[in-house]
Amino acid sequence: MNKMRLLGVIGAVAVIAVVVASCGGNTTRSTGWEFSRNMYDPLGYNPDQPNANFKDGKTAQVPPPGTTPIGFERFPYSGSNEDYERAGAELANPFDQSEANLKQGEALYQVYCAVCHGPEGRGDGPITKDRTLDAESRQLENYPPPPSYARSDSINSSRGGLMADLSDGKIYHTITYGLNMMGSHASQLSPEERWLVVMYVRELQKK
């Protein structure tokens, strides 16, 4: 027991000594020891800082020609009708059709597409119907319904051919660049997510 008390006293004295020593006693401007200095002094350069490692002295450098930024996927097709047709002929969905992929594609479709295209792709989304702002009883603007994907509706695309016959590449191209009233969804959906939506749309075409 005496040993335990002795160890306790020694520990308390050591803690008090460290605290007192860190205060400096008004005799020094030193802040004492610093813990994990690299946690608040970054080792890397900020983009706008001078940098002697480069000839021009700048940190922000233009990427070398032909490089691809991390997380970015190049899409070698423009938004033209010619490249729309070319994408339709050359591109195929890289994902295997599975229940898990279809469910994920459906979830993405319901979030990003169903508001216009409708839950089953028949162009009857809520934004195309009469809507009223209840607080003011004000009629909201309706948007023209997009054409139905369903084969049973036999609707033509504005670019020609049945909506039910749109290929993987044509759907992906349209999601990427948009068409008519539909804006580009490239900023909302990653390339992988776009392909999953394409997979689900192909299922809607069968109805």
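The values are calculated or read from the model by the stated rules, or taken from the named source; none is laboratory data. Since we're looking at a predicted model, the values are computed, not measured. Cβ coordinates were reconstructed from backbone atoms using ideal geometry, including for glycine residues, and neighbour counts include every protein chain displayed.
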Scanning the range 95-115 residue by residue, those touching a residue at least 12 places away in the same chain (Cβ under 8 Å) and more than 16 Å from residue 189 (Cα to Cα) turn out to be 97
Of the conditions (1) over 21 Å from residue 172 (Cα atoms); (2) in contact with a Ser or Thr (Cβ under 7 Å, 6 or more places away or on another chain); (3) at pLDDT 90 or above, the single one that residue 152 does not satisfy is (2)
Looking across the range 109-126 at residues that are crowded, with 17+ Cβ neighbours inside 10 Å and part of a helix (DSSP H, G or I), the single one that is nearest to the chain's Cα centre (by Cα) is 112
Taking the range 164-186 and the residues there that are of a type in the set (Ser, Thr, Tyr) and touching a helix residue (DSSP H, G or I) at 6+ places or on another chain (Cβ under 7 Å), the one that is surrounded by the most Cβ atoms within 10 Å (Cβ to Cβ) would be 172
Could you tell me whether the range 166-187 includes any residue that is touching a Leu at 6+ places or on another chain (Cβ under 9 Å), outside any helix (DSSP H, G or I) and more than 18 Å from residue 109 (Cβ to Cβ)? no
Mind checking whether some residue in the range 50-64 is part of a helix (DSSP H, G or I), at pLDDT below 95 and loosely packed, with under 10 Cβ neighbours inside 10 Å? no
Can you confirm whether residue 35 is exposed (fewer than 10 other Cβ atoms within 10 Å of the Cβ) and either modelled with pLDDT of 95 or more or aromatic (Phe, Trp, Tyr) (or both)?
yes
Flagged pairs (Cβ under 7 angstrom, 6 or more apart or on separate chains; first in the range 49-72, charged (D, E, K, R); second surrounded by 10 or more Cβ atoms within 10 Å (Cβ to Cβ)) are 58/51
Across the range 139-149, the tally of residues that are modelled with pLDDT under 90 and surrounded by 13 or more Cβ atoms within 10 Å (Cβ to Cβ) stands at 3
Output for Cβ contacts, cut-off 7 Å, separation at least six or different chains, first residue over 13 Å from residue 155 (Cα atoms) in the range 118-129, second among the hydrophobic types (A, V, I, L, M, F, W, C), reads 120/204; 125/114; 125/115; 125/116; 126/115; 127/115; 127/116; 128/116
Within the range 67-96, the residues that are in a loop (DSSP other than H, G, I, E, B), surrounded by 13 or more Cβ atoms within 10 Å (Cβ to Cβ) and of a type outside the set (A, V, I, L, M, F, W, C) are 77, 78, 79, 93
Across the range 103-138, the tally of residues that are in contact with a Phe, Trp or Tyr (Cβ under 6 Å, 6 or more places away or on another chain) and at pLDDT 90 or above stands at 4
